[in-house]
Amino acid sequence: MMHARSGTDLVHSQPLLDKVALSASRGAAPLLVVKSHLSTTDPDELLPAFSRLYPGAMLRPLAGNAFRCHFAVTSAGPVSFVAGDWDLGGRVEAAALGDRYALVFAGEGSGDGEVEIRSRRLSIAPGTRAALFVPGRPGNIRLPVGSKGRTVTIERSALEAHFAMLTGHASRGAIPFDPDLDLTTGGGATLHGIVRLLREEIERPAVSPFVRPRLFDVLLTALVTIPRHEGLRLLELPPPRVAPAVVRRAEEYIAAHAGEAIRLSDIVAAAGAPARSLQAAFRAARGMTPMEFLKIRRLEQARHMLLAPRPETTVSSVAAVIGFRNAGRFSVEYRKCFQESPSETLACGRASAAR
């Protein structure tokens, strides 16, 4: 469907809002995937949507150029993925970015963009360099003709809450990330891969509700721990010791909610200890992490379902219920835990029911 208005095309790929249930943990409202697509030759037409993603930022055509942009957004909870094809180039100017962090890449086939953050000049180049914009800091981007900008934005409150969950310390103001990110080696390459993976997974029509929340946690953890910033020293210190009662609270929570799409942040909140301290305490007391403990509890739940099957029970359906998207991977983990395959357990369960 296409609408023409004062030189502007609004292109809706399917409906403007394509809502897909992501997950609902402990009865919470479903997390929705919301998609929109806009093609325009008028910067003012794009500005309202642009400002929601980059609060405080303004758009300008390049000097002497007309303006044309194809702008697609996929949002899920606190994270938005943005693809902007700037056919005739443009400038983005922000006196102080608002309440979102923005990680800006150059798409494949794009020219190099020029970035200025606090008088520091950087570049964004396809597959090699990205820039990380922080709320409250001024920043500008010059996009040459034919640029393909690829951005992930994260709500400030979500990223800073994740930092506090990991460290046990609230950040004092915005996390002061180094804006320059090398994508070719080490953590930068890892972060780039995580962004691509999560972007692909959001597009899949049917994914276990256990999977996507974990990927969001992985993205937030990577953002907190990979780009350089002063708060990294808190993650380098030995985690504070916690009382055994913290481990017991975590175990009780896991036992009560193993059949739900719970996340590490949920377990941390229930235990009342920073994530690193809880991880260390769990390893000391149980020889495993809380998430490994949760996996065992879910495998035990699967065994109970296989030993008392319904007529429609299959290995694949049980795997999906406990959060394994891949039935083959479920079978491998199940055999490690119980020294038999889930199909063997299901056969035993059906034989017992037939007696």
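The values are calculated or read from the model by the stated rules, or taken from the named source; none is laboratory data. Computed from a predicted structure; not experimentally measured. Note that each Cβ is placed from the backbone with ideal geometry, even for glycine, and that neighbours are counted across all protein chains shown. Ligands, DNA and RNA are excluded from the accessible area calculation, which covers all protein heavy atoms including side chains. Shrake-Rupley method; radii C 1.70, N 1.55, O 1.52, S 1.80 Å.
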Pairwise FRET efficiency - Arg355 versus Arg241, Cβ, R0 = 51 Å, nearest 0.05: 0.45
Highest-fluctuation residue, Leu294, Leu132, Leu307 considered, GNM on the chain with Cα pairs under 10 Å: Leu307
Fully extended contour minus Cα-Cα distance, from Asp182 to Glu260, at 0.36 nm per residue: 24.3 nm
0 to 90° range, to nearest 10: angle between helix 186-203 axis and the chain longest Cα axis: 80
Residue with peak Gaussian network fluctuation, the chain [Cα springs, cutoff 10 Å], from Arg248, Arg68, Arg297: Arg248
Accessible carbon and sulfur surface of the chain relative to its total accessible area, %, 1.4 Å: 54
Whole-angstrom gap from region 205-258 to region 162-201, using each part's C-alpha centre: 14
Per-selection metrics, the chain (Cα): Rg and Dmax in Å: 23.5, 84
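Please compute the per residue accessible area over the chain with all protein chains in place, 1.4 Å probe, rounded to a whole number of Å².
48
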R0 of 51 Å, Cβ-Cβ distance Ala125-Ala269: FRET efficiency to nearest 0.05: 0.80
Radius of gyration and Dmax over the Cα atoms of region 24-178, both given in Å: 16.0, 55
0 to 90° range, to nearest 10: angle between helix 290-307 axis and the chain longest Cα axis: 50
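Evaluate E = 1/(1 + (r/R0)^6) for Arg118 and Arg172, where r is the Cβ-Cβ distance and R0 equals 22 Å; express this FRET efficiency to the nearest 0.05.
Here the calculated transfer efficiency is 0.75.
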Mean-position separation - Cα centroids, region 264-329 and region 132-156, in angstrom: 38
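Sort Leu235, Leu159 by heavy-atom solvent-accessible area, probe 1.4 angstrom, most to least.
Ranking Leu235, Leu159 by accessible area, largest first, yields Leu235, Leu159.
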Hydrodynamic radius (Kirkwood) for region 169-258, which is based on Cα pairs only, to one decimal in Å: 16.0
Reachable aspartates and glutamates from Lys35, criterion Cα separation under 12 angstrom, eight or more residues apart if same chain: Asp18, Glu203
Gained length - Ala164 relative to Arg248, 0.36 nm times residue gap less alpha-carbon distance: 28.1 nm
Candidates Gly272, Gly193, Gly173, ranked by Gaussian network fluctuation over the chain, Cα under 10 Å, top entry: Gly173
In degrees, nearest ten, helix 244-257 long axis to first principal axis of the chain (Cα): 90
Debye log10 I(q)/I(0) at q = 0.14 Å⁻¹ for region 102-166, Cα point scatterers: -0.45
